[in-house]
Amino acid sequence: MDLSLKKARKLEAKIATFINQKKTELNTQESIRLSSDITAVTTQVGEFRTTFFDNLKLVNNLITIRQEIRDQISEANFNTGIDNLISNKVLLENKIAVLNAFVGHNIYDQGEVEDVLALGKKQLEGGSHYVRTSTEISFLNQVDKDKIRTDKQSLQKEIEAIEDKLAELNYSSKLKLNSITTKLLQDNNLI
């Protein structure tokens, strides 16, 4: 059976959930009636043991299958370049995060700076001890802010292109499940 990478990831997650459910069903104790005779209890114990070991084998087989699927996904991610695309996407997202920190900042306004300086000098000349001796000013101009916005938009377009390529690879790249694995998954309604 062939699966796209996207379906394989969903199947892997579905198997993980099923394994967790089955693990909760693995009990080493069962309830018996106090009025039961020992022959009936011995028969029940045999049935309990069979059920326990069947479920334990199933869980272990599913754990192995899940890991095989994860290994195939990992190999396909490497072989198709998905790993590199994801790394590049993360790099671009980090660059955008840096630019986002500056998009909303004020720009340099010479008139505003002149007003702040004039007021500060007036307060200093007044002899107040509580007057600040320095102030913060924005030094980026509108051209700088426009460049930051343009750079951010360019990075976002690169991310969109990467996401399109990832979607294409996730649908077109296939994994192959052998017939034994396929049957076990079908028997447990996982595929």
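The values are calculated or read from the model by the stated rules, or taken from the named source; none is laboratory data. Quick caveat, the model's predicted, so the values are computed rather than measured. Reconstructed Cβ throughout: ideal geometry from the backbone, glycine too, with neighbour counts over all protein chains shown. Heavy atoms of the whole protein, side chains included, go into the accessibility calculation; ligands, DNA and RNA do not. Shrake-Rupley method; radii C 1.70, N 1.55, O 1.52, S 1.80 Å.
Brief remarks on what is shown
- Where I63 falls short, out of the listed (1) open to solvent by less than 70 Å² (accessible area, probe 1.4 Å); (2) part of a helix (DSSP H, G or I); (3) within 20 Å of S179 (Cα to Cα); (4) aliphatic (A, V, I, L, M): (1)
- Filter pass, K23 being surrounded by 11 or more Cβ atoms within 10 Å (Cβ to Cβ), assigned to a helix (DSSP H, G or I), in contact with a helix residue (DSSP H, G or I) (Cβ under 8 Å, 6 or more places away or on another chain) and free of Cβ contacts under 8 Å to residues at least 60 places away in the same chain: yes
- Residue check, D164 over 30 Å from G120 (Cβ atoms), free of Cβ contacts under 8 Å to residues at least 12 places away in the same chain and not hydroxyl-bearing (S, T, Y): yes
- Within region 140-176, if we keep just the residues that are more than 23 Å from I69 (Cα to Cα) and either in contact with a Phe, Trp or Tyr (Cβ under 9 Å, 6 or more places away or on another chain) or of a type in the set (G, A, S) (or both), the residue that is most open to solvent (accessible area, probe 1.4 Å) turns out to be Q142.
- So N55, is it among the polar types (S, T, N, Q) and in contact with a helix residue (DSSP H, G or I) (Cβ under 7 Å, 6 or more places away or on another chain): yes
- Pairing residues of region 98-117 that are closer than 27 Å to T133 by Cβ with residues that are open to solvent by 70 Å² or more (accessible area, probe 1.4 Å) and in a helix (DSSP H, G or I), at Cβ distances under 6 Å and at least 6 apart in sequence or on separate chains, gives I107/Q142.
- Enumeration of residues in region 70-106 that are surrounded by 13 or more Cβ atoms within 10 Å (Cβ to Cβ), among the small types (G, A, S) and either in a helix (DSSP H, G or I) or touching a Pro at 6+ places or on another chain (Cβ under 7 Å) (or both): A76
- Considered as a group, the residues in region 107-139 that are in a loop (DSSP other than H, G, I, E, B) and open to solvent by 100 Å² or more (accessible area, probe 1.4 Å) include one that is modelled with the highest pLDDT, and that residue is F139.
- Being surrounded by 15 or more Cβ atoms within 10 Å (Cβ to Cβ) and hydrophobic (A, V, I, L, M, F, W, C) is a condition met by at least one residue of region 46-57.
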